[in-house]
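Structure record follows, encoded as structure tokens.
The values are calculated or read from the model by the stated rules, or taken from the named source; none is laboratory data. Being a predicted model, the structure only gives us computed values, none of them experimental. Backbone-built Cβ (ideal geometry, glycine too); neighbour counts: all protein chains shown.
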There are 2 protein chains.
Amino acid sequence: MRTLVVDLGDRSYPIHIGNGLISEVNYFKDAIKNKRVIIVTNDTVAPLYLDRLKNTLSDYQVCECILPDGEKFKTLDSFNKIITTMLENSLGRDCTVIALGGGVIGDLAGFAAASYQRGVDFIQVPTTILSQVDSSVGGKTGVNHELGKNMIGAFYQPKTVVIDLNCLKTLPKREISAGLAEVVKYGIIWDYDFFQFLESNISGITELDNKLLEHMIYTCCSIKAEVVHLDEREGGVRALLNLGHTFGHAIESYMGYGVWLHGEAVAAGMVIAANVARLKGFVDATYTERIKSLLEKAGLPVEAPKEMTYKDFLQKMVHDKKVKNGCIRYVIPTQTGKSEVMSDISEDIIVKAIEG
Amino acid sequence: MRTLVVDLGDRSYPIHIGNGLISEVNYFKDAIKNKRVIIVTNDTVAPLYLDRLKNTLSDYQVCECILPDGEKFKTLDSFNKIITTMLENSLGRDCTVIALGGGVIGDLAGFAAASYQRGVDFIQVPTTILSQVDSSVGGKTGVNHELGKNMIGAFYQPKTVVIDLNCLKTLPKREISAGLAEVVKYGIIWDYDFFQFLESNISGITELDNKLLEHMIYTCCSIKAEVVHLDEREGGVRALLNLGHTFGHAIESYMGYGVWLHGEAVAAGMVIAANVARLKGFVDATYTERIKSLLEKAGLPVEAPKEMTYKDFLQKMVHDKKVKNGCIRYVIPTQTGKSEVMSDISEDIIVKAIEG
């Protein structure tokens, strides 16, 4: 069991990582001011873990809000359902919201915590690899609007994050792979040692070896914490976290959301970015092959969908939120364990990189 | 023309107060990063001032969102209308939201600015006395929920506040009086000199003399800035701003929202609080009479509605947001220009204070 502290001055908080943590009240009680708690979860996670968490919190007065599972419910309506449940239970300003679930639940419950009576305490209990390595750090909360993803929200930090590795045991294999795409990303943009660790241990990781998972998730959270600490509100280095995302969002949007999982699209996107790096002469073919091979072993796609042409990519990419003054900004590996944001990549290179 | 700076570290901002300011682009341009601006207003204010402000901002690319006028439209639906308009106009993270209107518009537009893509810039142009002295300082934004007022929102500071005293010329007399209740409040809780200034000049103020209004609004904003600076997130001294509000909310809620204006209910509530102070021996009868007389000259009610009994008050007051651990907390004048928060007031005294 390990604990990492995310250093954000008076908004610093701990991330506890280990086995069976949702059964131990100690990891929760420092972050709960009062007896009143609401657990927000979904109808997939609730049957698996809700009773266990409620049992852990038996000294508290706990109510719950169970939403339908899925990105399409990450809406202002679901947000309002949480708020309504809180009001119906007469929760005051000193209550605590606990998010039990993946990224969608974390984003929804976090935004509800940020907005209820202008802000109450918030604890994250992320139950997927993706949410454990991604939403645990950064403070992004929010909902989708029919005209755009994540268009309504707040930057809001949790009081604590409790990562129970046991929860991964019930995760479908495809979701585990999708989460690993973001894991590999940290190795490519920030930490070559970690990239090598993943190469050496990918089979143990996909078999959910606890020791390996603990190290892996701790390292990802540390890297993200370092990046976010350098750039809390997204001006500079935080953009590196978008490696593979510009191409990936194009794939998700072209194929229809949900057809490719986010992590799958990001994996294919990272391979395209690595191809750009090779074509520009930043890295050699051996490194791009190692990236492809690692992603394949993690169970991820390493090629863009056959049906997508360069033009399909371009059309989707110019609509991306990250476009500044009409320039598409790419995150491109520049050497092992390092990447940079670039916008001066010729069309010719992008076409070749997509072709592979 | 005067400018006050609200000191909140790196979130400090100026409040410009004077005549005709919405016609001068200088007061806006420092707070607008980019060319893209959205003006949020309502269908009462739009015909009066929207074209004038758009004319002032003719160098910018301006879109607008005109909402129906009234507290009952301070909802998540109206908030979503603003967000939708912003998305339909493809506004980016570097856009600016301008609130042109009273408190409802300021709260709605402020919460939209706080939440759009997790936060964009915000300018307040308050057009009523109440919003000029109240919402200009404090950073409270939000919407009502059917189960409670202001239950959803954020603390979010504007980049600048532009107070154009000319806008008060089109305000109904009753609204002017209602705004003056909050003005008198600052004299009672914080500044006896200001209380005396109001006593000497109340007739000129109700006739909207510019010099007097400028001094009055500047002083109210300074006092609120001082109070908020001491207590940005409402733990201590900021509670004094609720003078008259515990009784006032009971009146508003009992009579049905909108039957008594907020300021009218607060005026009657302040008289009850002053009566408590007299009955407790903190102040003499002369002072409470002076408070009543000043409020009357401002065109405000100084007695609770005849139809409300002590029990009606009590029942409403225990449901107030400000109740902590079941104790009703009253703000009571303790001497001229000073008030304190108390919860040990006997039922007997409250009954007598309500009776007058």
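Which residues, taken from the stretch B:14-36, are buried (at least 20 other Cβ atoms within 10 Å of the Cβ) and either outside any strand (DSSP E or B) or at pLDDT below 95 (or both)?
Residues satisfying the conditions are B:21, B:22, B:27, B:28, B:32.
Being within 20 Å of residue B:258 (Cβ to Cβ), hydrophobic (A, V, I, L, M, F, W, C) and either outside the structural domain of residue B:98 (by TED's automatic domain parsing) or surrounded by 21 or more Cβ atoms within 10 Å (Cβ to Cβ) (or both) is the filter here; which residues of the stretch B:137-150 pass it?
Matches in the stretch B:137-150: B:143 only.
Which one of these does residue B:330 not meet: (1) closer than 27 Å to residue A:95 by Cα; (2) more than 20 Å from the chain's Cα centre (by Cα)?
Tallying (1) closer than 27 Å to residue A:95 by Cα; (2) more than 20 Å from the chain's Cα centre (by Cα), residue B:330 fails exactly one: (2).
Residues checked against (1) part of a loop (DSSP other than H, G, I, E, B); (2) farther than 24 Å from residue B:213 by Cα; (3) under 27 Å from the mean Cα position of the chain (by Cα):
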position	(1), (2), (3)
B:277	no, yes, yes
B:281	yes, yes, no
B:290	no, no, yes
B:295	no, no, yes
B:301	yes, no, yes
B:304	yes, yes, yes
B:308	yes, yes, yes
B:313	no, yes, yes
B:316	no, yes, yes
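Just to confirm my filter: which helices (runs of 4 or more DSSP H) fall fully inside the stretch B:57-143 and include at least 2 residues that are more than 14 Å from the chain's Cα centre (by Cα) and at negative phi?
Output list reads B:76-88, B:103-115.
Among the residues of the stretch A:279-306, which ones are among the charged types (D, E, K, R) and without any contact (Cβ under 8 Å) to a residue 60 or more places away in the chain?
Hits for the stretch A:279-306 are A:284, A:289, A:292, A:296, A:303, A:306.
Scan the stretch B:232-268 for residues that are in a helix (DSSP H, G or I), small (Gly, Ala, Ser) and under 20 Å from residue B:298 (Cβ atoms) and report the count. Talk me through it step by step, then tell me what you get.
Let us first name the residues in the stretch B:232-268 that are in a helix (DSSP H, G or I), namely B:237-242, B:245-255, B:262-268.
Now restrict to residues that are small (Gly, Ala, Ser): B:239, B:248, B:250, B:253, B:263, B:265, B:267-268.
Still in the running and under 20 Å from residue B:298 (Cβ atoms): B:248, B:263, B:265, B:267-268.
Number of matching residues: 5.
With B:273, B:267 as the choices, which residue is surrounded by 17 or more Cβ atoms within 10 Å (Cβ to Cβ) and out of contact with any helix residue (DSSP H, G or I) (no Cβ under 6 Å at 6 or more places or on another chain)? First the steps, then the outcome.
Values: B:267 fails: out of contact with any helix residue (DSSP H, G or I) (no Cβ under 6 Å at 6 or more places or on another chain).
B:273 is the lone residue from the list that is surrounded by 17 or more Cβ atoms within 10 Å (Cβ to Cβ) and out of contact with any helix residue (DSSP H, G or I) (no Cβ under 6 Å at 6 or more places or on another chain).
May I ask you to list the residues in the stretch B:292-311 that are within 16 Å of residue B:248 (Cα to Cα) and buried (at least 17 other Cβ atoms within 10 Å of the Cβ)?
The answer is B:292, B:295, B:300, B:301, B:302, B:304, B:308.
Conditions (1) away from chain B (no Cβ under 13 Å); (2) closer than 14 Å to residue A:17 by Cα; (3) touching an Asp or Glu at 6+ places or on another chain (Cβ under 6 Å); (4) not β-branched (Val, Ile, Thr), marked per residue:
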residue: A:111; (1), (2), (3), (4): no, no, no, yes
residue: A:117; (1), (2), (3), (4): no, no, no, yes
residue: A:166; (1), (2), (3), (4): yes, yes, no, yes
residue: A:171; (1), (2), (3), (4): yes, no, no, yes
residue: A:218; (1), (2), (3), (4): yes, yes, no, yes
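Taking residue B:243, is it in contact with a strand residue (DSSP E or B) (Cβ under 7 Å, 6 or more places away or on another chain) and either crowded, with 20+ Cβ neighbours inside 10 Å or at pLDDT below 95 (or both)?
yes
Being away from every other protein chain (no Cβ under 14 Å) and out of contact with any helix residue (DSSP H, G or I) (no Cβ under 8 Å at 6 or more places or on another chain), is that true of even one residue in the stretch A:179-195? Even if it seems obvious, please write down each step before you answer.
Applying the first criterion (away from every other protein chain (no Cβ under 14 Å)) to the stretch A:179-195 yields A:179-195.
Now narrow it down to the ones that are out of contact with any helix residue (DSSP H, G or I) (no Cβ under 8 Å at 6 or more places or on another chain): A:192-193.
Yes; the residues of the stretch A:179-195 include at least one that is away from every other protein chain (no Cβ under 14 Å) and out of contact with any helix residue (DSSP H, G or I) (no Cβ under 8 Å at 6 or more places or on another chain).
Determine which single condition residue A:76 fails, assuming it passes every other condition in (1) at pLDDT 95 or above; (2) away from every other protein chain (no Cβ under 13 Å); (3) closer than 27 Å to residue A:263 by Cα.
(2)
Can you tell me which condition residue B:271 does not meet? The list is (1) closer than 30 Å to residue A:34 by Cα; (2) in a helix (DSSP H, G or I), and all the others hold.
So residue B:271 meets the others, but not (1).
Among the residues of the stretch B:79-102, what is the count of those that are more than 11 Å from chain A (Cβ to nearest Cβ) and in contact (Cβ under 8 Å) with a residue 24 or more places away in the chain?
8
In a helix (DSSP H, G or I), within 14 Å of chain A (Cβ to nearest Cβ) and crowded, with 20+ Cβ neighbours inside 10 Å: does that describe residue B:154? Working first, answer last.
On the way: in a helix (DSSP H, G or I): no; within 14 Å of chain A (Cβ to nearest Cβ): yes; crowded, with 20+ Cβ neighbours inside 10 Å: yes.
So residue B:154 fails the test.
Please indicate, with yes or no, whether at least one residue in the stretch A:123-136 is small (Gly, Ala, Ser), surrounded by 24 or more Cβ atoms within 10 Å (Cβ to Cβ), closer than 21 Å to residue B:114 by Cβ and more than 13 Å from every other protein chain (Cβ to nearest Cβ).
Checked the stretch A:123-136: at least one residue is small (Gly, Ala, Ser), surrounded by 24 or more Cβ atoms within 10 Å (Cβ to Cβ), closer than 21 Å to residue B:114 by Cβ and more than 13 Å from every other protein chain (Cβ to nearest Cβ).
Yes or no: residue A:39 more than 20 Å from residue A:218 (Cα to Cα) and assigned to a strand (DSSP E or B)?
Details: more than 20 Å from residue A:218 (Cα to Cα): yes; assigned to a strand (DSSP E or B): yes.
So residue A:39 passes the test.
Among what's in the stretch A:1-13 and is buried (at least 20 other Cβ atoms within 10 Å of the Cβ) and over 26 Å from residue A:89 (Cβ atoms), pick the residue that is modelled with the lowest pLDDT.
To start, the set of residues in the stretch A:1-13 that are buried (at least 20 other Cβ atoms within 10 Å of the Cβ) comprises A:4, A:6, A:13.
Filter once more, so that each one left must be over 26 Å from residue A:89 (Cβ atoms): A:4, A:6.
Details: A:4: 96, A:6: 93.
Only one residue fits best here, namely A:6.
Please verify whether residue A:162 is among the β-branched types (Val, Ile, Thr), within 14 Å of chain B (Cβ to nearest Cβ) and assigned to a strand (DSSP E or B), treating the condition exactly as stated.
No.
Anything in the stretch B:8-43 that is over 22 Å from the mean Cα position of the chain (by Cα), within 13 Å of residue B:62 (Cβ to Cβ) and polar (S, T, N, Q)? List them, or say none.
B:34
Pairs under 6 Å by beta carbon, first residue free of Cβ contacts under 8 Å to residues at least 60 places away in the same chain in the stretch A:335-347, partner charged (D, E, K, R), six or more apart or different chains?
A:343/A:329
Determine if the stretch A:149-171 includes at least one residue that is touching a residue at least 40 places away in the same chain (Cβ under 8 Å), within 19 Å of residue A:301 (Cβ to Cβ) and not hydroxyl-bearing (Ser, Thr, Tyr).
yes
Check off (1) under 30 Å from residue B:148 (Cα atoms); (2) modelled with pLDDT of 95 or more; (3) not in a loop (DSSP other than H, G, I, E, B) for residue B:54 and give me the number that stays unchecked.
So the condition that residue B:54 fails would be (1).
Surrounded by fewer than 18 Cβ atoms within 10 Å (Cβ to Cβ), under 29 Å from residue A:258 (Cβ atoms) and either in contact with a helix residue (DSSP H, G or I) (Cβ under 6 Å, 6 or more places away or on another chain) or of a type outside the set (Asp, Glu) (or both): is that true of residue A:68 in this structure?
So residue A:68 fits the description; yes.
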